[in-house]
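Notes to accompany the following structure.
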Amino acid sequence: MSQTVKLLHDLIALPSINTAFLSKNNSLAGEERIIDYIIGRANKAKLDTEKQQTECGRSNLIIKLAPKGKIKHRIILGPHLDTVGVDNAAMLNPKKKGNKIYGRGACDTKGSVAVMLNSIEKLSKNRGRPSNTEIVFIGFVDEECNQTGSRAFQNLNMNADLALVGEPTRCKVVTAHKGDFWLKIQTKGKSAHGARPELGNNAAHLMAKCIDLIETKYASRLRKINHPILGSPTINTGIIKCGSQPNIVPDYCEADLDRRTLPRETFHTIKREIHELFKKNNLKANISNIKKFPCPAMETDHKTPWVQNFMRTVRQSKPIGVDYYCDAANIATTGIPTVVWGPGDIAQAHTVNEWITLTQIERGINILMRFLSSLP
Ligand SMILES: [Zn+2]
């Protein structure tokens, strides 16, 4: 087993399930165990460590590798430390079978943590350490729920030439991801006895018309919009709640929808689009935004010099976009050119038998070592 694979093995064996998916006192919950382990390794490599308290009560872990000379540039390696939950405890025991390592977090995102952490450990020991570029590893907490960790990043007032946010991208450079809004639609009617529905006004029926319009006309309108690397925005009706008994005409109905966005779409523009459509069809409904935090889309100019350099190292000429939301947007909003990058395939993330190939881990560490050693 290579150093990086061994490290990944150790990281999987230390559960760091997001507390949102377990009770607070559950011994498997939280990132603390994995943070202690990483601090131990950083101390051995004589690297400075620091914790940053966040709103969820847990702390991001920051490790800095100083350059040989003065700091003139900075690069951030930012994977998240938490994972989703598990269906069976066996997933917390890393297992190597053939070319794969199985276990919770193997690809999302302990594979990235292993590659990014191991790269600074290696650089701390050899002459490849950059002359003037500081390398900062930030292990973020809470990505899988509220991204509290990466939201706290702006409080560090840290500038950088490039940030690599760790997610399984099969070691491809992802320069854009979609954003997300959760919309609540509410319709109002008038209640009446179920035997005399003509005396009431059915909020469920009104909602059915609204949802039908959204899932047909509005959705097909969205499919016609085409971002060069992100494709089309989407909408999905996830929850409808209404009524109390079959024999009462419901006077209220609500539905929660998931609207995935392209750069520059805002709640305001989306609300207006849907309102106008409702109005044209004589439908009345209230629309609100129920996401606790903004989740904007991210789009980094792939022609930015440091992004170009990294893409050259990866031997990738065209930028790539992904559908899912992640920590990257929260780093990008501070003005730092940010990309998503890491070993493993998102198709295996959150699955019951999550795995990553050793080939991806080796490819990841090779690319990152080559890139970091080439920095000024
Ligand atoms: Zn992830």
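Which of the lysines could a cross-linker span from Lys284 if the Cα-Cα distance has to be under 28 Å and same-chain partners fewer than 8 positions apart are dropped? The reachable lysines, counting only those whose Cα sits under 28 Å from Lys284, are Lys184, Lys188, Lys190, Lys209, Lys217, Lys224, Lys241, Lys271, Lys292.
For Ser131, Ser232, what's the fewest-to-most ordering of other Cβ within 10 Å of each Cβ?
Ser131, Ser232
Just to be sure I understand: if I project the alpha-carbon convex hull of the chain onto a plane and average over all orientations, what area do I get in nm²?
21.0 nm²
Here the range 273-327 and the range 53-125 have alpha carbon centers that stand 25 Å from each other.
For trypsin sites (Lys or Arg not before Pro), the sites in the range 213-282 that DSSP calls loop and that have at most 11 other Cβ atoms within 10 Å are Lys224, Arg264. Here's how it looks for Ile17: its modeled amide H is under 5 Å from those of Gly30, Thr83, which are all 5 or more places away or on a different chain.
Paramagnetic label reach from Lys44 (point 7 Å along Cα→Cβ; backbone nitrogen cut-off under 20 Å): within the range 58-77, residues 61-66. Across the options Leu77, Ser124, Pro197, the greatest Cα extent toward the positive end of the charge dipole of the chain (unit charges at beta carbon of Lys, Arg, Asp, Glu) belongs to Ser124. Summing Lys and Arg as +1 and Asp and Glu as -1 over all other residues whose Cβ lies under 11 Å from the Cβ of Ala297 gives a net charge of -1. Taking 18 Å as the straight-line reach from the Cα of Lys280, the aspartates and glutamates in range (excluding those fewer than 8 positions away in the same chain) are Asp212, Glu215.
Sorting the segments 146-155, 325-334 by their residues' average number of neighbouring beta-carbon atoms within 10 angstrom, most packed first, yields 325-334, 146-155. So if we plug the beta-carbon distance of Lys303 and Leu156 into 1/(1 + (r/R0)^6) with R0 = 25 Å, what FRET efficiency do we get, rounded to 0.05? Plugging the Cβ-Cβ distance into 1/(1 + (r/R0)^6) gives 0.40. Rounded to the nearest 20 debye, the dipole magnitude of the range 179-289 is 340 debye, with +1 charges on Lys and Arg beta carbons, -1 on Asp and Glu beta carbons, and the Cα centre as origin. Rounded to 0.05, the FRET efficiency of the Ala208 and Ser232 pair, given R0 = 25 Å and the Cβ-Cβ distance, is 0.50. The packing ranking of peptides 36-49, 168-181, highest mean first, is 168-181, 36-49, where packing means the average number of other beta carbon atoms within 10 angstrom of each residue.
For the chain, the mean residue ellipticity at 222 nm estimated from helices alone is -8000 deg cm²/dmol, where every DSSP H run of n ≥ 4 contributes -39500 (n - 2.57) and the total is divided by all residues, rounded to the nearest 500. For Lys303, the lysines whose Cα comes closer than 23 Å to its Cα, not counting residues fewer than 8 places off in the same chain, are Lys72, Lys172, Lys178, Lys318.
Residues within the reach of a label modelled at Tyr252 (point 7 angstrom out along Cα to beta-carbon, backbone nitrogen below 14 Å), restricted to the range 283-314, are 286. Placing R0 at 41 angstrom, the Cβ-Cβ distance between Lys72 and Phe21 gives a FRET efficiency of 0.45 after rounding to 0.05. Using the average count of surrounding beta-carbon atoms within 10 Å as a protection proxy, the listed peptides 337-344, 159-166, 195-202 rank, highest first, as 337-344, 159-166, 195-202.
Laboratory data are not the source of any read-out in this text; all were calculated from the coordinates shown. Since the structure is predicted, the reported quantities are computational estimates derived from the model, not experimental observations. FYI the Cβ positions are ideal-geometry reconstructions off the backbone, even for glycines, and counts take in every protein chain you see.
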